[in-house]
Every structure is written in C-alpha cells, then in structure tokens.
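Here's the structure we're looking at; comments come further down.
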Amino acid sequence: ICTYCHGYEFRGRPWGVLVDGALPKDHATAFVRMLRGWSDDVTAFVTGAGDVDEAALQKSGVKVVRRGIERLLPGSGPGELRAVVVEGGGVGAEVPLAALLVRPPQAPTPLVAKLATRGLLKLDGAYIAVDNMKHTSTPGLYATGDAITPGQSAALGIGAGAFVAGVVNLELTLASLPA
C-alpha cells in the first residue's frame, strides 16, 4: 500500500514494512518511524541488505524483526491481509498485519540505460538527472515523475507531468517570438 493513497483506510491497524536495502539506512529508519503517525502497531521486517537504526525504531515504538517474510496469510475479504509468517517458524512466526509496505527496487528502463551508456543522458543513481525545470542533459528532452525521484506516486507523477507541460509550452512559445 501507499501511505498517502491508502493509509487512512488502514489507520490504527497493524502495519508492517519490508526493509530490504532499497533505501539507505537513514532513509529507511525515517520512513519506518513516519509510519507511527498512522498506527501504534508497526513492525519492520529487516532482511538481506536492509539496515535500520534499531535503537531509534525501538524508541519510537516500532518492533524490529530480522527475519524474512515466508508467506502472507489472507484475511476474510478479497485483497485483505490478516498476517505474515516469517522465515524460520517458531514462537512469533505469525505476525498479525492489516497492511504491508514493500518498496520495490528502482532501476532505469532499458531505453534510459541505453541513452545513458551512449552519453545522451546523465543518471543520478537509478534516476534521470534533471535541473529545476526538468531539463535532462540532452537539449529538448525532459524527464519527470518516477524516472527522476524515489517518490513513487501517481498523484505526484500527474502534478510533475503538468509542470513539465507548462515548461515545454513556455519554452516553445518564447522560442517562437522575436527576441
């Protein structure tokens, strides 16, 4: 789920978040702590390359489980989550959850990667590098939304697209006028 798209429906219920290395330690810690604004019952499942400031999370009332998730247990309705089962079994292997956040790794699309390897586009890690007006390193090519930021959201993408449309309109109009 997305906290800003669906958080209200899940407020006050148990939340989980998979921390698997998709975010640096400080960002992952801050993100998990932020979830406390939605629920008093938050569990961070830290796996693989994932890392968090465990002391900071525990001070914030977040439970930390350093085992992977083996499977999801469905709730009574379609698309509902009842719990997760963590790897290794034993006491506490079943963790009740109503919501589980997973941040998939982001990588440039094959086209973006190809443009970057040919020197036509600069990357900032997994994202296309842009200036404040969303110009890329290639004149006449703009980028926005998920391609330039870890902020994955349809609403943010729509707003960013509208911004770029305005920039393109402005620049084309000014280019057509006498100097």
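The values are calculated or read from the model by the stated rules, or taken from the named source; none is laboratory data. If you're wondering where the values come from, they're calculated on a predicted model, not measured in any experiment. Here the Cβ is made from the backbone with ideal geometry for all residues, glycine too, and neighbour counts use every protein chain on show. To get the accessible areas, we keep the full protein, side chains included, count just its heavy atoms, and leave off ligands, DNA and RNA. Shrake-Rupley method; radii C 1.70, N 1.55, O 1.52, S 1.80 Å.
The set of residues from segment 1-52 being under 22 Å from G92 (Cα atoms) and assigned to a loop (DSSP other than H, G, I, E, B) comprises G12, R13, P14, D20, S39, D40, D41, T47, G48, G50, D51, V52. Count of segment 42-66 residues, restricted to those that are of a type in the set (K, R) and more than 19 Å from L23 (Cβ to Cβ), is 1.
Within segment 157-179, the set of residues being modelled with pLDDT under 85 and under 17 Å from Y127 (Cα atoms) is empty. Here P74 meets the list (1) without any contact (Cβ under 8 Å) to a residue 24 or more places away in the chain; (2) open to solvent by 40 Å² or more (accessible area, probe 1.4 Å); (3) touching a Ser or Thr at 6+ places or on another chain (Cβ under 8 Å) almost entirely, failing just condition (3).
For segment 130-179, name all the residues that are in a loop (DSSP other than H, G, I, E, B), within 22 Å of the chain's Cα centre (by Cα) and at positive phi. Within segment 130-179, K134 is the sole residue that qualifies. Taken over segment 46-64, residues that are touching a Gly at 6+ places or on another chain (Cβ under 8 Å) and under 16 Å from L97 (Cβ atoms) amount to 1. Just one of the listed residues (A49, A83, A28, A98) is touching an Asp or Glu at 6+ places or on another chain (Cβ under 9 Å), among the small types (G, A, S), within 27 Å of G145 (Cα to Cα) and buried (at least 18 other Cβ atoms within 10 Å of the Cβ), namely A28. Considering only residues in segment 3-17 that are in contact with a Leu (Cβ under 8 Å, 6 or more places away or on another chain) and within 24 Å of G157 (Cα to Cα), the one that is surrounded by the most Cβ atoms within 10 Å (Cβ to Cβ) turns out to be V17.
Report the residue count in segment 102-124 for those that are in a loop (DSSP other than H, G, I, E, B) and over 30 Å from L72 (Cβ atoms). Counting residues in segment 102-124 that are in a loop (DSSP other than H, G, I, E, B) and over 30 Å from L72 (Cβ atoms) gives 5. May I ask you to list the residues in segment 135-158 that are of a type in the set (G, A, S) and exposed (fewer than 13 other Cβ atoms within 10 Å of the Cβ)? Result: G140, G151, A154, A155. Take the residues of segment 125-134 that are open to solvent by 40 Å² or more (accessible area, probe 1.4 Å) and in contact (Cβ under 8 Å) with a residue 12 or more places away in the chain: which is nearest to V167 (Cα to Cα)? Taking the candidates together, the pick is M133.
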